[in-house]
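Report on the following structure.
What follows draws every value from the coordinates through simple rules; no lab data is involved. Just so it is clear, the structure is predicted and the values come from calculations on it, not from any experiment. Cβ placement follows ideal geometry from the backbone for every residue including glycine, while neighbour counts extend to all protein chains displayed.
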Amino acid sequence: MRALAEETPSPGSLRSPPSPALRERVSAEPTTADLDARRAARRYPDRPIVAVLAVVLRGEEALIVQRAQQPNAGRWGFPGGVLELGETVAEGAMRELFEETGIVAKPAGVLDVHDAITRDAEGRVQFHYLLIAVRGIWESGEGEPADDAAAVAWITRADIVAGRYPTFPTLLPFLDRAVKPEQ
């Protein structure tokens, strides 16, 4: 495992700098009320919520983030979040990557799609996310936790298999597809 970054690249040092609108959105910290309202709106949805994940590789390592917020606070997974209106899947995945880590990557295609459905005790759908994993080719940045990420790490497949990080069940299959995209 590579040590966590202690510096975030400045916007001028990025190979493909994010737009001014993205930089403005990233710098505006959401309030607790904003986060609570977002979570409430996603609970018991009337349709699936489209979310994107950025599966970023740098050599033999992949980038993962530790979730800071519920649900699943403390678990490790790929950076990601809800797709915004007017964004392509690739744009959304790369935006979420930048917002959560400060890392810039080039999108390199969709890896897979996964339904994440959670039901309550009565069997009602409590959460339903349609997760679209996008492969990203690292361009710049070491990673600094921001937005809803508590920590970031560059890890190998062996780190995951050894159980060094409590991860989501989809993490290893998505990583394997990113490493060998012809599968």
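Segment Val161..Lys180, full-extension length gain: 5.1 nm, with 0.36 nm per residue of separation and the alpha-carbon distance subtracted. Relative to the current alpha-carbon distance between Asn72 and Tyr44, full extension at 0.36 nm per residue lengthens the span by 8.4 nm.
The GluC sites (Glu not before Pro) found in the stretch 119-183 that occupy coil by DSSP, while having at most 10 further C-beta atoms within 10 Å, are Glu122, Glu182. Residues of the stretch 42-56 with an amide N closer than 17 Å to a point placed 7 Å from the Cα of Val113 along the Cα-to-Cβ direction: 47-54.
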